[in-house]
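Working notes, structure below.
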Amino acid sequence: MSFLFGTQRAKRVGSFRTDPANPHCVHPDDVLRVDRQVLLNGPVALYGPAERLRRHVAALESYGYRCPAFDCGEWASEADMHREVAARLEFPGYYGRNLNALNDCLGDIDIPEAGGVALVLWRFDQFARRPGVRAWDVLDVIANASWVHRLYGRRLLGLVQSDDPELHFASVGARPVMWVSWEAHKPAEPGAAPDTAG
């Protein structure tokens, strides 16, 4: 009897996950989406090869994401970071240009419900090496803002590219910042070309 119950329950769960009439269903292809794979480990992910990140950004854009990109290697200080982020994300004029203000404004940015926002931080390792820069704190702010948005069904990601394979950060938003390696185990992300990078 318990076996039948388990089988019936599995069928119900299976139909719940794939029933297109159910607004909470998960299509099998969705499991492989870049955003879902990133969010499984946390909202901030480290990338090495630039081409891999470009493919993932293309996939996210195909899902309806906005992907503002920043060349962090050009930021000589935190003040430069605040200046460019505020301008590109159209923060209000009263933005305080500090980490608390960054946390507040990232928590308030407009995120399309159909997709999301992915902040693409190129050459973040160069910014992280600048004296006095609190690079970990910037990633932690992104992670915390992401959790706030997810409470309302919206997605905010931080995609961090580094040319230094030794770059590591402590956990942010109580989740680890992990190198992206899962894409090597599947042929392609829906909406993107096959990943052939090693």
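Restricting the first member to the stretch 96-107 and to residues that are within 11 Å of Glu78 (Cα to Cα), and the second to residues that are at pLDDT 95 or above and surrounded by fewer than 17 Cβ atoms within 10 Å (Cβ to Cβ), the beta-carbon pairs closer than 6 Å and six or more apart or on different chains are Leu99/Asp137.
Kindly establish whether Tyr95 is surrounded by fewer than 20 Cβ atoms within 10 Å (Cβ to Cβ) and modelled with pLDDT under 95. Break it down into steps so the answer makes sense when it comes.
Numbers: surrounded by fewer than 20 Cβ atoms within 10 Å (Cβ to Cβ): yes; modelled with pLDDT under 95: no.
Taking the combined requirement at face value, the residue does not satisfy it.
Looking only at residues of the stretch 108-130 that are at pLDDT below 95 and small (Gly, Ala, Ser), we find that the one that is most open to solvent (accessible area, probe 1.4 Å) is Ala114. In the set (1) assigned to a strand (DSSP E or B); (2) touching a His at 6+ places or on another chain (Cβ under 9 Å), the condition left unmet by Tyr95 is number (1).
The values are calculated or read from the model by the stated rules, or taken from the named source; none is laboratory data. Predicted model, so just to flag it, every value in this text is computed and none were measured. Neighbour counts run over all protein chains shown; Cβ positions are idealised from the backbone, glycine included. Keep in mind that these areas ignore ligands, DNA and RNA; they rest on the heavy atoms of the full protein, side chains included. Shrake-Rupley method; radii C 1.70, N 1.55, O 1.52, S 1.80 Å.
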